[in-house]
Each structure stands twice: as structure tokens, then as C-alpha cells.
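The values are calculated or read from the model by the stated rules, or taken from the named source; none is laboratory data. What you see is a predicted model; the values in this text were computed from it and never measured. Every residue, glycine among them, receives a Cβ derived from its backbone with ideal geometry; neighbour counts consider all protein chains shown. The protein model used for the area step is the full one, side chains on, heavy atoms only, and it has no ligands, DNA or RNA in it. Shrake-Rupley method; radii C 1.70, N 1.55, O 1.52, S 1.80 Å.
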Amino acid sequence: MSDIIHLLADNVANQIAAGEVIQRPASCLKELVENSLDAGATHIRVIVRDGGRTLLQVIDNGKGMSPADARMAFERHATSKISQASDLFQLRTMGFRGEALASICAVAHVEVHTRRPEDEIGTRLEIAGSEVIAQEFAQCPVGTNIRVKNLFYNVPARRRFLKTDQTEMRNITTEYHRIALVYPHVQFTLVNNDEVVSELPVCSTKQRIEAIFGHSSKAFTGNLVDVMANTELVNIYGFVGKPEMTAKNSQQFFFVNGRYMRHPYFHKAILTAYSGLLAADHTPSYFIYFDIQPDAIDVNIHPTKTEIKFADEQAIFQILLATVREALGKFNIAPSLDFSLETHIEMPALSDQPATISMPRLQVNPNYNPFKQTAQPKTAATNWERLYPSVPAEQLGMQIEQALFTLPEINEQTPLMQWLNKYIIVPSDKGLMLLHQHRVHVAILYQELIEQFKQHKGMSQSLLFPEVLELTHDDMCTIQSLQDDLQAIGFAMDQLSPNAYTITAIPVQLGQANPCDTLLQVIHQVQDTGSNATQQWREAMALALADRMAIPLGKQLSDVEMRDLLVRFYEHHSSQYLNNGQTIYTIFTPDEIQKRF
Ligand code: ADP
Ligand code: MG
């Protein structure tokens, strides 16, 4: 018997685990709905009250549970989905950790009714704070009906951390949509405070997208282009929006094996595919579904993380890029494909080939990695690379092309010229490069800000006269969550009243820009991400701030200034696009110019 070390009681351990898995009502909802899907439900009804804080209920018509299983399901690490470690690599269910129900019942009052089709009578189970209060036979329909009441009733800190009902409901709706977009063959209903707010009948994927996003605007109806690629490595299907759709309506979704994911690297592939097709303030919309062998992705992801690591990201990048470009081209949306890609990517002839396994023929630069300088966010599995050595590109029938995506060289002798006080022209043997001066600077500042968020090294400049920033309730909630990051880059502010802040210092780079307008823009950009992920917030913040800080169009630049700008750009950034899809530079190749003579 040890003197001071002892094992935690189960309910304490469960409460700690709950802090990880169940962060807010939306995460609870996600776990419950995923369980219903794993149970084969074809109709799932979600009922929410007060942003999920008083009630979150999920009713399904799935396979239900026996009385013994119903009891067992609430134990930690109790799962019917895997039994040995190797099962992890064959995973086709949403859940597998056996943690969700144990976590939920540790921090809420839970009541379950469940019945299997083969049983005449069902089970009713009541649990609060991990303690079973009642278990009895009960009349109920086939399936499972689980009510989660008073979430975090015994964790006041968590409860206080919850945002307004409106914000929590928005998060719930986001999760609901992410799931509904993957299961168009399942009927979903969402009820908020006794009002049916979403009714999604069984339909096709395209109809599901239109049903979800069509109500606010007709943007998606008739504006989606099919995307499809079947390769040995991955199957991709889905839709991309026509380039003329505006940024306001843009929606961007990746899914892998039925799971929503964020993937900045694949996002770049799509932006690249659209290059030259989008007007300045337009962002592409996409709904891309990857289907891949479960052992080719890192499944050991944390339940609240949405970033997923693939074994073969670079090859998939190229397949995705070619597929989307081809889709845009096929519908004559891309009358003239971007020169730099056109010469390198051979589009597979689609005409009337059957949808069998076929491999787009691509030329790939396996060394291309837009994150080289910023280091890709690592997932929990540190041995990931070792576990999954990447398949050599040749094996995939691809050729290697080093030149693709590399910037032309510039040295001290390279003449630079500013044109229209807007562009910088750089001649090189690869062609004539035109850089957008404002966006080059945005790209540099963006990278610097992302660094500052991590290192807290932002330089501050005090304001002679503090500014008062008045905010709505929603905006207040957002800015509170952003406070640490804002401080990291040089803002100093104090809460003045329940709906106002005084700003006493700002980042130096902000110069003369109006601090209140800037902060409002930051808040709204963050809200527009519809995400809770810090990384995504930071990206949105950095972009909004960089846009304010960067040298404007119309400003005359000296030779030294231009050189300095380019040196910093080359150090920082290799992508041709900003995160919002805007083109930073373009190159007119000698071939293109030759054609004009
Ligand atoms: P996991 O989903 O990771 O297995 P959970 O804690 O979410 O873990 O669920 C534990 C188990 O309870 C599941 O493996 C499943 O067998 C059972 N279960 C949970 N929800 C349902 C449901 N809606 N219908 C049928 N069985 C369910
Ligand atoms: Mg589960």
C-alpha cells in the first residue's frame, strides 16, 4: 500500500476525462449523434433546450441496447466497436474510444430509454454524476432515446465557461450540419426550444447541401459542379462551387471516411485549382468527401480535434488538385486554364468511361510542401511517420517535376520595378513575375502574427487617448475568448462595462489604423469561421490584422523597400495564395509572351 499515491475514484477520473471529450453542448451532441449513426439509425431527432444547457436529447431508431449493455455502455472504455489495438486500423465507425457516455454521465443527469428489435420490453436507466440512480424495464420504441439534462451541473467552472444560448446553439447547429452533410441517407430533425429548426429528409448529397445552405441564399442551387476521382490511393467525390459564387456564401468542407475534417494543405490544393478563376473578393466553396483505407489515415485522433493526418498527403494533394481543375474545366468554367499548371497536369479523359478505378496521370513534385517553413501541426500520434512510410510517387504512376511551385530566383542585380503603384514587376528566366504589393505584405505579416500568437513577442504602442470599444453580447463573448491572443500580439485592453472595453495599447505595426474598426473586423472574421478551434481563430485574426497593417495599394515604394519586401516574402512564404484564396503573385511564362508575337 502506497503512502501518498492512490488511484482516483472512477467518478473523479470520469469527470476529468469529461473535460477533454465534452467541452460544450455541441461536443456532447456530436458524440450522441455519432453513436446513433454507429447503431445504424435511419432517423435521428435532436432536441435542444436553452442552448443545450438544460436539455440535449437524441432519439434514434437504431439497434438499441440490451439491459446489460445499456448499463455497461456508461462505463469508461466500454465499447462494442473495437476489441483489440489492430481494430483501430480497420475502423469504420465514428466512435471507438468508449469514453463518450462515461464522460457525459459524469457531468450531467442522464436518462436513457432503449430497446432492441428482438426484445419485447426495453430498459430505462437513470444516471447522475456517474452514479446509477435507477434501472428498470420500460415500454419504449425500438432504438435509443437519451436525455442529457443540466450539463455540467456539478462542474460550475465549466458551466460558467459556456457562452450565450445563442452561441452554444450555433455551435450545435455547426456540428449537426457537419454530420448531416455526410449522411444524406439518414433523416435528421433538429428542434430548438420546441421549434423545429431543421428537417432534413433522406436525399442525395447534393440535395442535402442545398437543403442545409439553400435557405439562407439560393447560392448553391444549380451552382455546384461534380467532382469525382477513383484511384488506388483514395476515392474522392463531392462538389465545388462555380467560381462566380461570392465569398459571403462560401462554405468549405472536407470529410474523410464520414468524418468532418479541417485540412489546410488540401485547402491549398483547391485554391490552386481555382487559380486565375476567382475575382478578388471571391472564395471557392467546396464539399469534398475522401474515402480511403482506414489504415492510411491517423485514426488515433482526439475526439475534439478536426485535423487528420494522411499517410500520403502530397500524392492526394495532386490528385485533388487535378480532379477539381478537371471538374471546373469540364463544365467550361475554366475557359483558359492557368498556364503554370496547364503545362504540367494532364487531365484524365473522362468522356464516357465507366466509373472504374482509374488513376489521373499527374506530374508531382514530392518535395513540395507549403508548410515547410511553418511546420505542420502535429497530431497526437508521434510515431505516425514511422508507422506509415509514404509510398514512393513512382509507385503511383506519377512523374516527378521539381520545377512546379518554386519561385524564380532573385538576386541583388535583379532589376525591380513598381508599376501603377500597385504591382512589383520582377523579370526572371522563368518569366515575368507580377506581385501584388499589398498582398505580398499581408502574406509576410500573416506569418509573423501566427508566430507572435505562439511566442507572445508582439510589440506594443500605447495610445495617447484610450479608445472605447462598444460591443454586442455575442461580440463580447468572442473577444473574451480572443483576449490572450490579442495580448500576445500587442493589444492592451480593460473591460469597462458588460458591453465595452477600453483599448490602451495596440500592436506597433497597426500604425494609424483605427483600433476599434480593426478589432471589430477581427471579431467578425473569427465568428465567420464558425469554429471553436484556436488554430482557425488565429488564422482568421492574423489575416484580418495583416490586411489592416499591410502597405496599401497606391503607395509608392523605393527600390530598397521593394527589395526588403521581396526578401521577407521569399523567406516566409512559398504559396501563391493568401489563406482567403487571393492571388499574391502571378508569372507570365516566356511561352505565353511568345504567343503574343
Ligand atoms: P464508443 O462510441 O466510442 O464505443 P460511447 O461511450 O460513445 O463509446 O458508447 C459506448 C457504447 O454504447 C457503444 O460502443 C455502443 O455499443 C453503445 N451505444 C451508445 N449509444 C448507442 C445508441 N444510440 N444505440 C445503440 N448503442 C449505443
Ligand atoms: Mg461514441
With every protein chain in place, the range 163-287: carbon and sulfur % of accessible area (1.4 Å): 49 percent
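Can you put E561, E31, E131, E232 in order of accessible area, largest first, using a 1.4 Å probe?
E232, E131, E561, E31
Local charge sum around S428 (other residues, Cβ-Cβ under 15 Å, Lys/Arg +1, Asp/Glu -1)? List each step's numbers first, then the result.
On the way: positive: K430, R563; negative: E409, E412, D429, D591, E592.
Every neighbour counted, the sum reads -3.
On average, how much accessible surface per residue is there in the range 417-587, in Å², for a 1.4 Å probe, leaving out ligands, DNA and RNA?
Ligands and nucleic acids excluded, the result is 45 Å² per residue.
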Check the straight Cα-Cα distances from K149 and name the aspartates and glutamates below 12 Å, setting aside those fewer than 8 residues away within the same chain. D50, E111, E126
Among the aspartates and glutamates, select those whose C-alpha is under 16 Å from the C-alpha of K454, and discard any that sit fewer than 8 residues away in the same chain. D484, D485, E539
Of the peptides 510-519, 32-41, how do they stack up when ordered by the mean number of other Cβ atoms within 10 Å, highest first? 32-41, 510-519
Would you mind checking the pairs K422/K595; K430/K595; K30/K163; K268/K309; K309/K430 and listing those with alpha carbons more than 23 angstrom apart? K422/K595; K309/K430
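With a 1.4 Å probe and all protein chains in place, put S575, S462, S497 in order of accessible area, largest first.
The ranking, largest first, comes out as S462, S497, S575.
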Of all accessible heavy-atom area on the range 493-554, the percent that carbon and sulfur account for (1.4 Å): 48 percent
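What does the highest-first list of 144-155, 535-546 look like by mean Cβ count within 10 Å?
Numbers: 144-155: 20.2, 535-546: 22.1.
Peptide ranking by packing, descending: 535-546, 144-155.
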For the range 417-587, what class follows from the C-alpha gyration tensor (a ≥ b ≥ c being the square roots of its eigenvalues): rounded when a/c is under 1.5, otherwise prolate if a/b is larger than b/c, else oblate? prolate
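When only Cα pairs under 8 Å and 6 or more residues apart are kept, what is the percent relative contact order across the range 461-592?
19 percent
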Residue-normalised accessible area of the range 95-141, given per residue in Å² at a 1.4 Å probe: 43 Å²
When all C-alpha to C-alpha distances in the range 10-202 are sorted into bins of 5 Å, what percent of pairs does each bin hold, rounded to whole numbers? 1, 8, 17, 21, 21, 18, 10, 3, 0
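Averaging sequence separations of C-alpha pairs under 8 Å and six or more residues apart, then dividing by the length of the range 10-202, give the relative contact order as a whole percent. Display every interim value, and only then the final one.
On the way: 411 pairs, mean separation 54.0, N = 193.
Reported relative contact order: 28 percent.
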Mind checking which of H438, A546, I523 is farthest towards the positive end of the range 417-587's charge dipole, using Cβ charges of +1 (Lys, Arg) and -1 (Asp, Glu) about the Cα centre? H438
Kindly sort F588, F310, F597 by accessible area of their heavy atoms, largest first, with the probe set to 1.4 Å. F597, F588, F310
How far apart, in nm, are two points set 7 Å out from the Cα along the Cα-to-Cβ line at Q413 and at Q556? 2.9 nm
